[in-house]
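J.: Quick one: structure below, then a few questions.
Just so you know, all these numbers are worked out from the coordinates, no wet-lab data involved. Since this is a predicted model, take the numbers as computed values, not measurements. Please note: Cβ atoms are built from the backbone with ideal geometry, for glycine as well, and neighbour counts cover all protein chains shown.
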Amino acid sequence: MANIGRLSTKDTVLFLCDMQEKFRPNIFQFTNIVSNAARLLQASRVLGIPPILTEQYPKGLGPTVPELGASDLKAYAKTSFTMMIEEVERQLEALGNPKQAILCGIEAHACIACTAYDLLEKGMEVHIVADAVSSRSQTDRLFALSRLKQSGAYLTTTEAVMLQLVQDAKHPNFKEIQKLLAHPSPDTGLLAFFSAL
């Protein structure tokens, strides 16, 4: 059967990349990106999907922003542009090597791209949440998404991920997910990009 990228709660992990204090003033749509990622984190908790959180050089770039709602998670510090550092590799092994990754955070053309390439090379299916990733420059963000699509990553949105994961209004957790969908995702400037896809 063709690989169509259908998300499942089994064998899936949520990657939360480098949403840190020092990036706040410089990242395009930072507040909305973090807000969408926070909803994905809440949904992952409801649905039992393990999250993995990294911080890029936290000594210089500060901690993860509080509004992500990840204060209970262990943040893996890194200097590399990929999230796939040794500790994260070990975490994935401990989780039984999940087959699907949902990826959000910053920056799209740097740490998100490098992480996605590493995950794709490992044979994982990568779902990049376009309205939950960004860069300082909208140009870098949009070309990164286009480039990642060429490499075989699936581009999706916050709401689409949550609905795909439950798949049915009869799902036992649908009501909790529905609450997270009560307000539509904020516009993060992707519509101009979509016409170019």
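J.: In deg cm²/dmol and to the nearest 500, what is the mean residue ellipticity at 222 nm of the chain if only DSSP H runs of at least 4 residues count, each as -39500 (n - 2.57), divided by the residue total?
T.: -10500 deg cm²/dmol
J.: Please give, to one decimal in nm, the separation of the simple spin-label points placed at Ser80 and Leu180, each 7 Å out from Cα toward the Cβ.
T.: 2.8
J.: Please list, or write none, the lysines whose alpha carbon is within less than 21 Å of the alpha carbon of Lys78, excluding same-chain residues fewer than 8 places away.
T.: Result set, ordered by chain and number: Lys22, Lys59, Lys122.
J.: Also: Return the sequence-ordered ³J(HN,Hα) values of the range 116-133 in whole Hz as given by the Karplus equation 6.51 cos²θ - 1.76 cosθ + 1.60 applied to θ = phi - 60°, using x for Gly and Pro.
T.: 4, 4, 5, 5, 4, 5, 6, x, 7, 8, 10, 10, 9, 8, 4, 8, 10, 10
J.: Counting C-alpha atoms alone, how compact is the range 12-187: give Rg to one decimal and Dmax as a whole number, in angstrom.
T.: Gyration radius and largest Cα-Cα distance of the range 12-187: 14.9, 47 Å.
J.: Right, next: What FRET efficiency comes out for Glu87 versus Asn3 if R0 is 22 angstrom and r is the Cβ-Cβ distance? Round to the nearest 0.05.
T.: The pair Glu87/Asn3 has a calculated efficiency of 0.15.
J.: So what's the Cα pair-distance distribution over the range 82-167, bin width 10 Å, in %?
T.: Calculated P(r), rounded to whole percents: 18, 50, 29, 3.
J.: A further question on this structure: Taking Lys170 as the anchor, which lysines have their alpha carbon closer than 23 Å to its alpha carbon, excluding any fewer than eight residues away along the same chain?
T.: Straight-line reach from Lys170, under 23 Å: Lys10, Lys179.
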